[in-house]
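Working notes, structure below.
The values are calculated or read from the model by the stated rules, or taken from the named source; none is laboratory data. Owing to the predicted nature of the structure, the values given are computational and were not obtained by experimental measurement. For neighbour counting, all protein chains shown are included, and Cβ atoms are generated from backbone atoms with ideal geometry for every residue, glycine included. When the accessible area is computed, the model is the full protein with side chains, heavy atoms only, and any ligands, DNA or RNA have been set aside. Shrake-Rupley method; radii C 1.70, N 1.55, O 1.52, S 1.80 Å.
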Amino acid sequence: QIASGHILAVCVRFLVHSVVFIAVLYAFGAITSPLAVLQIFSATLGGLAMGLPIMAYISTLREEKGHAAIIQRFIMMPLFLFSGTFYPLTNLPAALQVIGWISPIWHANELGRVLAFGQPTPLWLTALHAGYLLAVVVISWRLVQRIFIRRLGYEEWRGRTPGAKADAKRQARVDAKETAAGAYRRAEGVPPVG
């Protein structure tokens, strides 16, 4: 519930930003397709498809030691640059086009262009873009939920229960104190407690 609540809150932010963006496009006459209003949902889906895998990874970390900055510099920026955002993907060498094909940004861009501007695209390819984004969102959402469940201690985490090691250390200290106290009592001739 915590994971889903956080994700739904982010969805609301994505939806609000998308509505503002579409309103600006309409205000300036930049939209040529009546389906442009659906771009609100495709943009939200694209944002979730990028954000949820990152959320799943960051959720596994015990300490954030610059991981977010590394993701921003070495994953987000290359995906953004090589996903056909500023120019068609076909302008890139074939080896770099693969980055675009696996990037949710490219699929969201293409879906947005179809919806907002009526970009000529076969229906099967439009369905593929939407299906890819939806698949990434669903799989990542479930993964985030599983990680949160494990991190909150409702299930074992990599073969161990969260907090079990600290509990064992704490219990060992208590047992050592009781053993020492028992030895002291025996040495002093004090009857055992309990």
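Could you compute how fast region 35-137 diffuses translationally, taking Rh as the Kirkwood radius over C-alpha pairs and applying Stokes-Einstein at 4 °C with viscosity 1.567 mPa s? Give it in µm² per second.
Answer, rounded: 90 µm²/s.
Express the relative contact order of region 5-62 as a whole percentage, based on alpha carbon pairs under 8 Å and six or more residues apart in sequence.
41
Can you tell me, using C-alpha contacts under 8 Å and at least 6 residues apart, the relative contact order of region 72-147 as a whole percent?
23 percent.
Only four residue types carry charge here, +1 at the Cβ of Lys and Arg and -1 at the Cβ of Asp and Glu. Report the dipole size of region 1-132 about the Cα centre in Debye, rounded to the nearest 20.
About 120 debye.
Farthest toward the dipole's positive end in the chain, which of ILE54, SER42, TYR26, given Cβ charges of +1 (Lys, Arg) and -1 (Asp, Glu) about the Cα centre?
It is ILE54.
Using a 1.4 Å probe over the heavy atoms of the protein chains, calculate the carbon and sulfur portion of the accessible area of the chain as a whole percent.
About 69 percent, which is the carbon plus sulfur part of the accessible surface.
Against the globular-protein guess of 2.2 N^0.38 Å, express the Cα radius of gyration of the chain as a ratio, rounded to two decimals.
Normalised by 2.2 N^0.38 Å, the Cα Rg of the chain equals 1.62.
How much accessible area per residue does region 1-116 have, counting only protein heavy atoms and a probe of 1.4 Å, in square angstrom?
Averaged over the residues of region 1-116, the accessible area is 57 Å².
Quickly estimate the mean residue ellipticity at 222 nm for the chain, helices only: each DSSP H run with n ≥ 4 gives -39500 (n - 2.57), and the total goes over all residues, rounded to 500.
The helix-only estimate for the chain comes to -23000 deg cm²/dmol at 222 nm.
Normalised by the empirical 2.2 N^0.38 Å for globular proteins, what value does the Cα Rg of region 88-149 take?
Relative to the rule-of-thumb radius for its length, region 88-149 sits at 1.33.
Give the accessible area for TYR184 in Å² (nearest 10); use a 1.4 Å probe, count only protein heavy atoms, and leave out ligands, DNA and RNA.
My reading of the accessible area for TYR184 is about 140 Å².
Rg and Dmax of region 10-69 over Cα atoms: what are they, in angstrom?
Reported Rg and Dmax, both Å: 15.7, 48.
Output the relative contact order of the chain, whole-number percent, from Cα pairs under 8 angstrom with separation of 6+ residues.
25
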